[in-house]
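J.: I have a structure here, written as structure tokens, and I will follow up with some questions on it.
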Amino acid sequence: MCIPRCVRLTPRETQRRQPLGMLVTRFKLLLDHAGHEAATPLSPSTDGELVRADPTPSSLSSLSGLPPGIAQQRGGAGGGMLLPPGLDVVDVIGDYLRFMAQHVAEIVASKYEASGLTLDNVKWCLTVPAMWTPKAKSQMRQAAHRAGMIPDYDCPRLEFVLEPEAAAAYGLSAPDSSFSGCHPFRPREGESFMVVDAGGGTVDITVHQRQDGFLYEVTRGHGDSCGGTFVDVEFMRLVRQRLGDAFLDKMEAQHPREISALLASWYSVRDKFDGEIDVDVPLPPGMTRRLPPKVISTLEEAQDGYSDVIEIRPMGADESGKNIFDPVVDKVLQCIETQMQRVEEGQHPLHSMLLVGGFSSNPYLRKRIEERFSDRVGEIVYPLRPGEAVVMGAAHYALNPSIIKSRVARYSYGIKCSLAWDETDERHRAHAEHRSPDGIHLRGCFDPILRQGTSVPVGQSWSENYKARDTCGYASFQLYVSSAPDPLLCSDEGVTPLGDEIRINVPPVEKKVGLQVQFGQTEVQMTMTPAFDPSQKRVVKVSYRLGV
């Protein structure tokens, strides 16, 4: 039996030259946007719709198995990107992953051939933002399948690792020498800590408590699209203001290598910007010699006579540096504030805050975070190489996934079914058009099985018995996810189908089917067992329908 192995590549081995002339945005942004697309509401179906066999709901709104001090909290309630014609998000990400997998295959073949290791023995651990929707995770799995990383969609050799959890795993396992200053990340037993993963596209924030050497999430994670890539967008906006639309459009169309060179210079400046010292971003020679006289004059007037750089002033009349950073940094601070308030409401004093991700290496961001939150958290620490913490942590997590003992649901999950009509319920009366012809049921309802904000032990299962309402010969199972805590109908705003409809054949005289849904992992698994023949049970990992 082949045991999947985790192979960590060195930075040199994983480096691939990106094509010049392309303004490369982190590929995750494609799915960040796709994951926020609204689904088209579905009209209630008629055939095979379920009713609960037991009228008493058994939603996972309170769970056992959590240690003392972990509150079972209840929560409350981007821009687009053009793709080449004929391609969707999964095609583009699949192409990216295909080349990455081919590169890994070359490394495995050259370094591990003698051991007999092949890609069939490799377990892929893809890190994803904690703020990603189930749809985005499913699209990433489909992209990995199309890329040839896994033979089929449900293959267990692909595992998603939430980036803040990977960072937490890294922080607990990394040596003291991996942290800057004299404060290594060492939360003690019973202490809570916050992970702020400020990467390229997203900022993800989670809070965990350490107990018995394991990690328990204590409040619902939070995040937003406000990573370092958006600072780059603000810089390019300043460049466009200084050089003019006409000139920059021409350079992007005819000399894209010069744009790439300009961005390379900017990256080195961005990572060192502290908000106090003026900095210059050199214009590439090929761009400088093409500057029209009018643009040169405009630059010299705005930049104390200099026309071969983009001058960035943190202070002074234009405050161009803060104008580039502050819109994004302010959004990061608000994300942290939102999560900090949840922690304080739950009475979980924070021992420390761990800053990871490439953007967290920026001195200006660190300074703003320390100014805002240093009096509300024991200490703020960060690794010497914060950009590598998530990757290294993912390997640690993959080798020891049991380190995470519970997560807090970021969404509500429910089954589409008919519920008993309640004439006294105002919400029922407001949707009388969904009442069944016999007047007994309200059709197309969202029957909650897990509510947003509930603490879920990893591997926790929910079970319920349903029966087909009609005599069509099958029971129709459709799982839905909602950004709202307690919707009534599956057609309500913010409710989207999670995966395809699953039909189980049942005789008209015996329509009962048991449903088990397993949460706590980074994906959702459903098991359906017909009461009349348990051998016909089906186990599926739920995937999002594309195009919804």
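None of the figures in this text is laboratory data; all of them are computed from the coordinates on show. On a predicted model such as this, the values are computed, not experimentally measured, just so you know. So basically every Cβ, Gly included, is an ideal-geometry build from the backbone, and we count neighbours across all protein chains shown.
J.: Taking the simple approach of a point 7 Å from Cα along Cα-to-Cβ for both ASP271 and LYS467, what is their distance in nm?
T.: Using points 7 Å along Cα→Cβ, the separation is 6.5 nm.
J.: May I pose another question? Cross-link list LYS137/LYS405; LYS135/LYS405; LYS250/LYS294: which exceed 19 angstrom alpha carbon to alpha carbon?
T.: LYS137/LYS405; LYS135/LYS405
J.: Expressed as cubic angstrom per residue, what is the convex hull volume of the alpha carbon set of region 378-418?
T.: 172
J.: At a Cα cut-off below 18 Å, give the lysines reachable from LYS331, other chains included and same-chain residues fewer than 8 away excluded.
T.: Reachable lysines: LYS322, LYS367.
J.: Right, another one. From Cα coordinates alone, what are the radius of gyration and Dmax values for region 348-439 in angstrom?
T.: 24.2, 67
J.: Still on this structure, I have one more. At q = 0.09, 0.12, 0.20, 0.22 Å⁻¹, what is the base-10 log of I(q)/I(0) for region 392-536 according to the Debye formula with one equal point scatterer per Cα and no solvent? Please give it to two decimals.
T.: Values, matching the q order: -0.34, -0.58, -1.26, -1.37.
J.: What area, in nm² and to one decimal, does the C-alpha convex hull of region 155-285 cast on average over all directions?
T.: Mean shadow area of the hull around the Cα atoms is 13.1 nm².
J.: Which ³J(HN,Hα) values, rounded to whole Hz and listed in residue order, are derived for region 155-163 from phi using the Karplus coefficients 6.51, -1.76 and 1.60 in 6.51 cos²θ - 1.76 cosθ + 1.60 with θ = phi - 60°, glycine and proline given as x?
T.: Per residue, the Karplus-derived 3J(HN,Hα) values read 4, x, 7, 10, 10, 8, 10, 5, 4 Hz.
J.: Provide the gained length on full extension for the span GLN102 to VAL309, in nm with one decimal, where the gain is 0.36 nm per separating residue minus the Cα-Cα distance.
T.: Full extension of this stretch gives 70.6 nm more.
J.: Using just the C-alpha positions of region 345-393 as equal point scatterers, what log10 of I(q)/I(0) does the Debye formula give at each q in 0.18 1/Å?
T.: Taking Cα atoms of region 345-393 as identical point scatterers yields -0.60.
J.: Expressed as a rounded percentage, what relative contact order does region 85-199 have, with Cα pairs under 8 Å and six or more residues apart?
T.: 27
J.: Can you compute the radius of gyration and Dmax for region 302-402, using only the Cα atoms, both in Å?
T.: 17.9, 61
J.: Could you go through region 390-400 in sequence order and give the Karplus-derived ³J(HN,Hα) for each residue, using 6.51 cos²θ - 1.76 cosθ + 1.60 with θ = phi - 60°, rounded to whole Hz, and x for Gly and Pro?
T.: Coupling constants for region 390-400: 5, 5, 5, x, 4, 5, 4, 5, 4, 7, 9 Hz.
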